[in-house]
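First the structure, in the form of structure tokens, and then the observations on it.
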Amino acid sequence: MAVSSPPPPRLHLSLHLRKPIQNSPPSGKKARPAPTAETLRRRFLRRGVSPTPKILHTLRKKEALKALRRARKDTAAAATASRNPCDEEETRFRAAAAEYHALAGRPWDAGTRGMAPPRGLDGEEGGLEGLREMLAARRGDGFRWLLDDDIEAEAAERKQQRRPGAGWDVGTEDEERRIQLLVSRLNGDYLSFRDWRLTRVMKRADIIYSEDNLLRILDGLEARGNWRQALSIIEWVYNENSYRHRKSRFVYTKLLSILGKSLRATEALHIFTIMRGDAQIYPDMPAYHCIAVTLGRAGLLKELIKIIEYMRQKPSKLVMKMRRKDWDPSLEPDVLVYNSVLNACVLSQQWKGVFWVFQQMRIGGLPPTGATYGLAMEVMLKAKKYDFVQKFYEKMQKNGVPPRAITYKVLVRSFWEQDKINEAVEAVNDMEQRGVVGAASVYYELACCLCNNGRWRDAMLQVEKLKQLPLTKPLEYAFTGMILASFNGGYIYDCISIFELMKDHCMPNIGTVNVMLKVYGHCDMFGKAKDLFETTKACFLNSQTYIHEHSSFKADTYTYNSMLEASASAQQWEYFEYVYREMALSHHCLDQSKYSWLLIKACRAGKPYLLEHALDSILERGEIPDVQLITESICQSIAHRDYGRTLQLLNIMTQASIKIKEVEWDYLLQQNMHQFSIDALEGLIKYLSTNGTTNADPAVDLVRALQSQCRDDTSTQQFELSFHGSGNKYSCSSLAELDQLTCKNLCTDIILDVPGSDREMPQLGVSALMCRDISLNGQRVENKHELSDLGQRGPQVSAIDKVLDSMNSYGDNSYGEMPSASKILELWEHER
């Protein structure tokens, strides 16, 4: 038996909301406009009041707002009156209501009355679905519109849950998961503040960017050293309207810490300036500590002094208006801030700042700590003030401040630079007797000090102590430093001994190999350098040598550079080319600022294509080539008469804004005239003229230098030397070279071929005039009368005549009448 029950609340509400509304005509009232200022003034005058313009302006604004509200109200009433349901909808509604009342109660509650519930109807949600199925089965889609309000309510609820942070009541696990997912996405790619992808990622994360959540995000970015992304997200969050007035001082202080650990002093100063301009995030002592440590590590002493002044000053008036009147955030620097100042003095070597720091600490009543004295000693060490190093150490002992291990490190370094080796050993012994736990850096410094002075066996005792301490770096670094110290001290064989003994303690790394290649290259041990280089390559390929396969033993740029330097020093140009090709295939680049001379030397040794390849590689990387590389390539192209290449190099100089003066071009051409010919220089001038590049900036000075060089060379005679009794001939382009070759090879015959029709007699040097036979253009010169018949002489004919007169009796096999050494020196001075 069906028992009638009251209708369900939700559907009952829907039925009442859908009652028909009587038709009512829209309101025909016309909205009254707001009165003007003149109308208001007349109203006041009628009442005997003279209003001021300010009163009129205020009243006019109020009347305008009243008129606006009245218009909105009339518009809403007209819109409500215009809603008239159609007859068809009213009919459908009444039919649905009758069908509903005919039902026996709520169908989804049939199971509670002993009736079998419809399939799938086991609760509120199941009942709603059952009702929908029943309505669809009875009337098709004609009654689905009855549930539109419910569907819209569910959609609004789902939308509410999709809003950022709306679902955080589920627990903290989901929150942690979303934060970790966001951090992983931010670490995956760099997204700047203005990148639209950052906005999409931050909004899709569905996180409320509160103070705690931002600190967690910054912790995740700090673990990866991603300071750029940390800066971007803080800037993005606090530029959003929802979080613009919710800035946190702790978040900004954390950001300062991240920037300080990444050594980004400029960005940290920018963030600190933002904090000083907002009272809500005005810096406190932890923020001052972060910025002070950052600036101290960067060596920015002037900026750090300004920070101390900011601490003692009150904020600006604009900032003070944001807080209460008695707010005073001014602070006094503490020991950590002053230690940061000393740390900045170490890098800037401002040793006078140490006394200022101690004076300020004494005024502020702050006692210096062991770190303060240690930093003061380090500043004096960097400034080479060794007396002050010892005085601060004595003052430290006098005040009863226990010295730290870093203090003894500074002492050992100070004694090392003063060549007081025994005092350095005694300082370390004193440290051990005092019971101070020595750091690894102290024994490393002493070991390098001993190796630099040839006492590498004593240094090995320090290595044994070093192995018993916790190391911040592997033991290979200690041996590499000892080898380098011995090399700088000039003890080459000690370097080799340490390297051989190193294999009993640890495995060498690539840094050790680079140092040994440098050692072998500087002491002409090319064979050992080659063997070590080949061993390095073979170890990287199959790991079958004495070096451990897990050590970082891949050849790097320094390895190839050191081997190239060793090959060039030994004049092994074939192996130089092999190493250069291996370096190019390994995608390593030669440092042109340090090793450009290697390529120039290889080019002059017959490997010009290496220089061309290096120059092309530099241009492909988008770098500016070194001037020496370009000028050497220009000289090589002129020598091979490759004028197109010369023009290309000049265009490169134009694009790179490389300028060479005419005097520099003259010097360069004179240094390389042994490679050129007059025809090559004239051909280059003609080629540049035909291409219209003689007016360009780099080419105009080159053309002038070429023209000057051609004029000088056309007036310079070409000579040919012939040794007596042999057919060897040497050509030279200057009289100085003729005299030098004559003296070096002890020539006895000189045959001069002077081009041109004037047949001018050259001015010979003393060594050339001492030869047995002198011939000019195929005619033998017998005496000075014959010389005057052959042509006119230069301005130094008198000196030549004297020598020739003294050589008139000079026979084939007699040397008794040769000029004396003093006379030759006098003639040299006269010719100079």
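The values are calculated or read from the model by the stated rules, or taken from the named source; none is laboratory data. Since the model is a prediction, treat every value here as computed from it, not as a measurement. Glycine also receives a Cβ, built like all others from the backbone with ideal geometry; neighbour counts cover every protein chain displayed. Side chains included, ligands, DNA and RNA excluded: accessible areas come from the protein's heavy atoms. Shrake-Rupley method; radii C 1.70, N 1.55, O 1.52, S 1.80 Å.
Quick look at the numbers
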| quantity | calculated |
| --- | --- |
| FRET efficiency, Gln707 to His587 (Cβ-Cβ, R0 45 Å, nearest 0.05) | 0.50 |
| Gyration tensor verdict on region 232-319 (Cα atoms; rounded if a/c is under 1.5, prolate if a/b is larger than b/c, oblate otherwise) | oblate |
| Debye intensity ratio in log₁₀ form over the Cα atoms of region 590-709, taken at each q of 0.14 Å⁻¹ | -0.55 |
| Förster radius 30 Å - calculated FRET efficiency between Phe355 and Lys261 (Cβ-Cβ, nearest 0.05) | 0.45 |
| Estimated dipole of region 590-709 in Debye, rounded to 20 [Cβ of Lys and Arg +1, of Asp and Glu -1, Cα centre] | 160 debye |
| Where labels lie 7 Å past Cα in the beta-carbon direction, separation of Arg246 and Asp219 in nm | 2.0 nm |
| Largest to smallest accessible area among Asp219, Asp326 [probe 1.4 Å] | Asp326, Asp219 |
| For region 284-375: rounded, prolate or oblate by the Cα gyration tensor [a/c cutoff 1.5] | prolate |
| Additional length obtainable on full extension of the chain from Ile363 to Lys537, 0.36 nm per residue less Cα span | 56.4 nm |
| Rh (Kirkwood; distinct C-alpha pairs) - region 175-331, Å | 16.4 Å |
| Largest to smallest accessible area among Asp679, Asp524, Asp591 [probe 1.4 Å] | Asp524, Asp679, Asp591 |
| Probe 1.4 Å - accessible area at Arg185, Å² to nearest ten | 120 Å² |
| Compactness of region 334-402 as Cα Rg over 2.2 N^0.38 Å, two decimals | 1.00 |
| Per-pair calculated FRET efficiency, R0 = 51 Å: Arg645 and Glu417 via Cβ, rounded to 0.05 | 0.50 |
| Gain on full stretching of the segment that runs from Leu461 to Leu347 - 0.36 nm per residue minus C-alpha separation | 37.8 nm |
| Full-stretch length increase - Leu501, Ala95 - with 0.36 nm per residue and alpha-carbon distance subtracted | 135.7 nm |
| Within region 277-294: backbone nitrogen closer than 13 Å to the Trp327 label point (7 Å, Cα to C-beta) | 277-284 |
| Scattering profile of region 370-446 at q = 0.24 Å⁻¹ [log10 I(q)/I(0), Debye over alpha-carbon scatterers] | -1.18 |
| Accessible area of region 590-709 belonging to carbon and sulfur atoms, whole % at 1.4 Å probe | 48 percent |
| Projected label distance in nm at Ser316 and Gln675, using a 7 Å step from Cα toward the beta-carbon | 6.1 nm |
| For region 412-529, radius of gyration divided by Kirkwood radius, i.e. Rg to Rh on alpha-carbons | 0.99 |
